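First the structure, in the form of structure tokens, and then the observations on it.
The values are calculated or read from the model by the stated rules, or taken from the named source; none is laboratory data. Only a predicted model underlies this, so the values are computations on that prediction, with no experimental measurement involved. Note that we place each Cβ from the backbone using ideal geometry, even for glycine, and neighbour counts take in every protein chain shown.
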Amino acid sequence: MLQKFEFLMKNIVKSAALFACLGCIFSCQNRTQTATVISPQEQNLPLNVNCENVKIDSACFLGTDLLNQLLPMLKHYDGIPPHLAFSLPQLWTAECKLPTFSPDFDIWVVSDISEQPLMKVLITINHDPQPIIIQAVPIALNLGNEKQNTIESEVWTATIDETYNVLVTKKYEKIYSLTDSTKHLNNISTTKEDMYTIESLGTLSYTPQMEYDIDYEAIIQFADTAVIGKITEDNWELNALKIQNTAQEYDIIFMTVYRQFDKISIRNHYGEEIDIVDITPFIERHTTGYIALKKGETPLYIPYCSDTECFAKAMPYFDIEYWDEEE
């Protein structure tokens, strides 16, 4: 009888332990599911997205499982990358969800959690059985960088229309302060666009940006101020202004350069770098003048002269007919 009682007690203890384990497992599962079930507020289309302050809802914080999927995607995506370097934020929240045309996935806009958001991202996410991010692409950005004599800013905004086309506008500016060392440098301001479409399977198809022709004609007005010091040439600034105005009429790039002659960045009228040239062989023999450049051709040196004389010598090199209207 005693042995039977001990046997029953052992079974009761084992059963209690088993039920306790099962209860713990189910409890853990429920906690995990609760942590990953996110239901952001729905926004109607069309929707404009920028990096304004976002109302933070702790119930919509992205958990570790989603962050482990999201962060690698933000390092590799189709589209124009940022000019400015930055570290990816590590805390994110689901700001809103968009109306979806498929029961198979949701569309979210997620934002980093900070007083002034740095980035917002469009993601498509599948919830069967666990949340899986199908694709992610940054659609809003707010970066700034200040150095000695320069201020850089980069702002991305997006518009998502009723047909699920996503237009991302990317603006970058670099502004030089007015000092003796920078007054001849040109400020940079560019605007580019990326287009995405949300497809039926939750993928984001990318329409590549317009490619600009790398063929170009350019005139560089240069002076080696490290050697000559102050520029004493007659009408230096006036000639530069006249040449720039005429060059624009013929789609010729014009720039003035005073240093770093071994790596001059040639930028088109959109501010995009299309070539890097080295004119130090000319600088070794001349301290001022012009360099006419044509993609794939040997550069032409023109001694410093008036704007009309400069074009009279440069235009035949460019194979462009030219006559001075003042003649």
Starting from the stretch 134-149, keep only residues that are within 17 Å of residue 67 (Cβ to Cβ) and in contact (Cβ under 8 Å) with a residue 60 or more places away in the chain, then list their pairs with residues that are surrounded by fewer than 20 Cβ atoms within 10 Å (Cβ to Cβ) and not polar (S, T, N, Q) whose Cβ atoms are within a distance under 6 Å, requiring at least 6 positions of separation or different chains.
-> 136/70; 136/73; 137/77
Hits in the stretch 220-266 - residues which are closer than 19 Å to residue 299 by Cβ and of a type in the set (Ser, Thr, Tyr) | 250, 256, 258, 265
Could you please find all residues in the stretch 95-114 being under 22 Å from the mean Cα position of the chain (by Cα) and either among the small types (Gly, Ala, Ser) or in a loop (DSSP other than H, G, I, E, B) (or both)?
-> 111, 113, 114
Members of the stretch 159-184 found to be modelled with pLDDT of 95 or more, out of contact with any Asp or Glu (no Cβ under 9 Å at 6 or more places or on another chain) and either surrounded by 14 or more Cβ atoms within 10 Å (Cβ to Cβ) or in a strand (DSSP E or B) (or both), listed by number = 159, 160, 165
Lone qualifier among 84, 141, 167, 91 - being in the same structural domain as residue 71 (by TED's automatic domain parsing), over 20 Å from the mean Cα position of the chain (by Cα) and not polar (S, T, N, Q) | 91
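Table: residues versus (1) surrounded by fewer than 17 Cβ atoms within 10 Å (Cβ to Cβ); (2) touching a residue at least 40 places away in the same chain (Cβ under 8 Å); (3) of a type in the set (S, T, N, Q).
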{"residue": "81", "(1), (2), (3)": "yes, no, no"}
{"residue": "88", "(1), (2), (3)": "yes, no, no"}
{"residue": "92", "(1), (2), (3)": "no, no, no"}
{"residue": "96", "(1), (2), (3)": "no, yes, no"}
{"residue": "103", "(1), (2), (3)": "yes, no, no"}
{"residue": "106", "(1), (2), (3)": "no, no, no"}
{"residue": "111", "(1), (2), (3)": "no, yes, yes"}
{"residue": "119", "(1), (2), (3)": "no, yes, no"}
{"residue": "128", "(1), (2), (3)": "yes, no, no"}
